[in-house]
Amino acid sequence: MSGTGENVPELVIISGMSGAGRSTAAKCLEDLGWFVVDNLPPSLIPTMVDLGARSQGAVARIGVVVDVRGRRFFDDLLTSLEELERRGVRLRVVFLEASDDALVRRFESVRRPHPLQGDGRIVDGIARERDLLRELRGEADLVIDTSSLNVHELRAKLDAQFSGEGEPELRATVMSFGFKYGLPVDADLVVDCRFLPNPHWVPELRPRTGTDDEVARYVFDQPGAKEFLDGYSELLRIVTAGFRREGKRYMTLAVGCTGGKHRSVAMSERLAKRLIADGVETVLVHRDMGRE
């Protein structure tokens, strides 16, 4: 059957690392009214979409949770996704990520082995799974790093993405961060503001943040700051236009400085305003502000 009919359901694939929160994501979608199927064989996903299309609108949104049990299982998943895209089915892939340390802690806390560790250690299973999922992660529409998220925070992120009746054409998250705390693993684009003088070394500005007018003025009075803002805003127009053409619905822009308190915060505030002015629905997050 064709995937372009008006009754064809919307489809979300939930995948990612074992222990990163797939079950929580599935429960969240269920609570939002989605029909969720856990561990459906990938070859049957197109059949599930067909059944939803025949339901006369009773099954309008389907979520499928998939994990990786082997190479063949994963190849079947990619084949099914390619078929659905050819048919024009509205499809999104959500990939849940977490650091090795976070995953090890979670498996140890429940005293369970990693499904791919075999006779090795938990970290061996994690490494095998990362290798197996690398291609899918690269194709994902939305990557969520759950390393530092609790259950409620993960549910809030998913609720923000999937609760609305009308999905925006493109949604962006602009996230300030500190390089000393590590790169955000779910970033699509990374901006480095460390080329600008650090307000940390100005005594009266040190305790303040980039959300304060005095700090923002200091940052944007520095040589190159306004030019960088204008130039990168133009680059973002090119990137967001390309994302729209490619059907990508989510974009995470990570803006970094040393500690994630002054320069990156000020720059991310301005970049978020530029994106909003260009018609991109934008969420602003200051990951590391207040962490020092």
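Couple of notes before you dig in:
- Distance between the modelled labels on F220 and D119, one decimal in nanometres: 6.3 nm (7 Å Cα→Cβ projection).
- Length-normalised contact order for the chain - Cα pairs under 8 Å, 6+ apart - percent: 20 percent
- Each Lys and Arg contributes +1 and each Asp and Glu -1, all at the Cβ; summed about the Cα centre of segment 177-231, the dipole is approximately 260 debye.
- Net charge dipole, the chain: roughly 360 debye, given to the nearest 20, about the Cα centre with Cβ charges of +1 for Lys and Arg and -1 for Asp and Glu.
- Potential extension, R86-V283 segment - 0.36 nm per residue separation minus Cα distance: 67.8 nm
- Structure-derived percent of Cα pairs over 25 Å apart - corresponding label in (1) 48; (2) 68; (3) 54: (3)
- Under 11 Å, Cβ to Cβ, from F35 - net charge with Lys/Arg +1 and Asp/Glu -1: -1
- Residues whose amide H lies under 5 Å from that of V191, counting only those 5 or more places away or on a different chain, are A254, V255, G256; hydrogens are built 1.01 Å from N in the peptide plane.
- Here each label is just a point 7 Å from Cα along the line to Cβ, and for T47 and D101 those points are 4.5 nm apart.
- Mean ellipticity per residue at 222 nm, deg cm²/dmol - from DSSP H runs of n ≥ 4 across the chain, formula -39500 (n - 2.57): -13000 deg cm²/dmol
- L103 sits among other residues whose Cβ lies under 13 Å from its own Cβ, and their net charge, with Lys and Arg +1 and Asp and Glu -1, is 0.
- Net charge of neighbours whose Cβ lies under 9 Å from the Cβ of S147, counting Lys and Arg as +1 and Asp and Glu as -1: -3
- For S147, the residues whose modelled amide H falls within less than 5 Å of its own, excluding neighbours fewer than 5 places apart on the same chain, are S99.
- Taking θ as phi - 60° and the Karplus parameters 6.51, -1.76 and 1.60, the scalar couplings of segment 149-161 work out to 9, 8, 4, 5, 5, 5, 4, 5, 5, 5, 4, 5, 7 Hz in sequence order, x denoting glycine and proline.
- Each of V190, T173, Y250 was placed along the dipole of segment 171-286 (beta-carbon charges, centred on the mean Cα), and the one lying farthest toward the positive end is Y250.
- Taking amide H as placed 1.01 Å from N in the peptide plane, the amide H of T173 sits under 5 Å from that of M251, T252, L253, V283, each at least 5 places away or on another chain.
- Residues considered: M48, M17, M267. Largest GNM mean-square fluctuation over the chain, using C-alpha springs under 10 Å, is found at M48.
- Inter-part distance, segment 30-87 to segment 192-235, computed on C-alpha centroids, equals 46 Å.
- Per-residue extension of 0.36 nm, minus the Cα-Cα distance of L183 and F195, leaves a gain of 2.6 nm for this segment.
- Reachable lysines, given that their alpha-carbon falls under 20 Å from the alpha-carbon of K261 and they are not under 8 places away in the same chain: K180, K226, K273
Bear in mind these aren't lab numbers, they're just calculated from the coordinates by the rules spelled out. On a predicted model such as this, the values are computed, not experimentally measured, just so you know. Neighbour counts run over all protein chains shown; Cβ positions are idealised from the backbone, glycine included.
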